[in-house]
Amino acid sequence: VHISDAALPDYDAFTTALVLSKALQHLGYDLVLCGNKTLDGGGALVGPMLAELLDLPQVTGVVALEVDQGGKKLTAQRRLERGNRQIVECPLPALLTADPLLAEPRYVSVRAHLRVAGIPIMKFDLDSLGDPLGLDFINDLDDVAHLGGFIRVHDDLGLLVRGLEGLPVEKGVIHGSV
C-alpha cells in the first residue's frame with residue numbers, strides 16, 4: 001500500500017497515525033506491524049498512536065513473535081532495558097512495533113523480485129480515504145472558535161496559548177507548523 005498526497009508535505013507522528021488508521025479501516029487487518037521508531041527523529045510515536053486510534057492492543061519493542069494456530073492470539077517477546085526480555089500474550093487483532101532484532105534483513109533473489117513485480121500496489125490519497133484528517137488549516141486565530149474537528153495552527157506557541165483561551169474542552173488542538 002502506498003499513501004501519498006501533496007497536501008501533506010510534512011508528516012508529523014499524529015498525522016501519519018491518523019492517515020494510516022483510515023487506510024487500515026478501508027483494508028481490514030489481523031495484525032499491524034510498525035517499526036519501533038523512526039529513522040529521522042526516533043520518536044517511537046506512530047505505532048502507539050495508531051493502536052490507540054484503531055482501539056487495538058499493542059506490544060512494543062517485539063524481538064520474537066508466535067501466532068497460535070487458531071489465529072486468535074499471539075505471544076511476543078519484548079526487549080527491555082539492560083538486555084532483559086518480557087513475554088506477553090495478546091489477542092488478535094493487535095498492533096506490534098518491531099525491534100530490529102525481530103527479522104534479519106535479507107537480499108531478495110532476482111527470481112523472487114520478478115515473481116512479484118507485476119502485482120499492483122494499492123495507492124491512496126486523502127480524497128480516496130475520505131479526508132481522514134478532518135483538519136482545518138488556519139492562519140488567523142480569530143476564526144478558531146468557529147471551526148470543528150482538529151485544528152493545526154501556523155503560529156508560535158505563545159500566541160497559540162493566548163488565542164485558544166476559552167475554547168470548549170472537546171475541541172482537539174494540534175500546534176506546530178505545516
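The values are calculated or read from the model by the stated rules, or taken from the named source; none is laboratory data. Only a predicted model underlies this, so the values are computations on that prediction, with no experimental measurement involved. Please note: Cβ atoms are built from the backbone with ideal geometry, for glycine as well, and neighbour counts cover all protein chains shown. For accessibility, only protein heavy atoms count, side chains too; no ligands or nucleic acids. Shrake-Rupley method; radii C 1.70, N 1.55, O 1.52, S 1.80 Å.
Is it the case, given these coordinates, that D136 is among the charged types (D, E, K, R), modelled with pLDDT under 90, surrounded by 14 or more Cβ atoms within 10 Å (Cβ to Cβ) and assigned to a strand (DSSP E or B)? The answer is yes for D136. With a requirement of 1 or more residues that are under 16 Å from the mean Cα position of the chain (by Cα), the strands (runs of 3 or more DSSP E) lying completely within the stretch 1-91 that satisfy it span 31-35, 58-67. If you filter the stretch 49-70 down to residues that are open to solvent by 40 Å² or more (accessible area, probe 1.4 Å) and out of contact with any strand residue (DSSP E or B) (no Cβ under 6 Å at 6 or more places or on another chain), you find that the one that is nearest to A103 (Cα to Cα) is D68.
On the stretch given as the stretch 71-85, residues that are within 18 Å of A103 (Cα to Cα) and open to solvent by 60 Å² or more (accessible area, probe 1.4 Å) total 3. All conditions but one from (1) closer than 29 Å to I119 by Cβ; (2) touching a strand residue (DSSP E or B) at 6+ places or on another chain (Cβ under 6 Å) apply to T38; the one that does not is (2).
Contact annotation: residue pairs with Cβ atoms under 7 Å, 6 or more positions apart or on different chains, pairing a residue in the stretch 41-53 that is more than 14 Å from L24 (Cα to Cα) with a partner that is open to solvent by 40 Å² or more (accessible area, probe 1.4 Å) and modelled with pLDDT of 90 or more, are P48/Q58; P48/T60. Out of L101, L33, one residue alone is free of Cβ contacts under 8 Å to residues at least 40 places away in the same chain and open to solvent by 90 Å² or more (accessible area, probe 1.4 Å). It is L101. Screening R106 against (1) modelled with pLDDT of 85 or more; (2) among the basic types (K, R); (3) within 28 Å of A76 (Cβ to Cβ) leaves a single unmet condition, (1).
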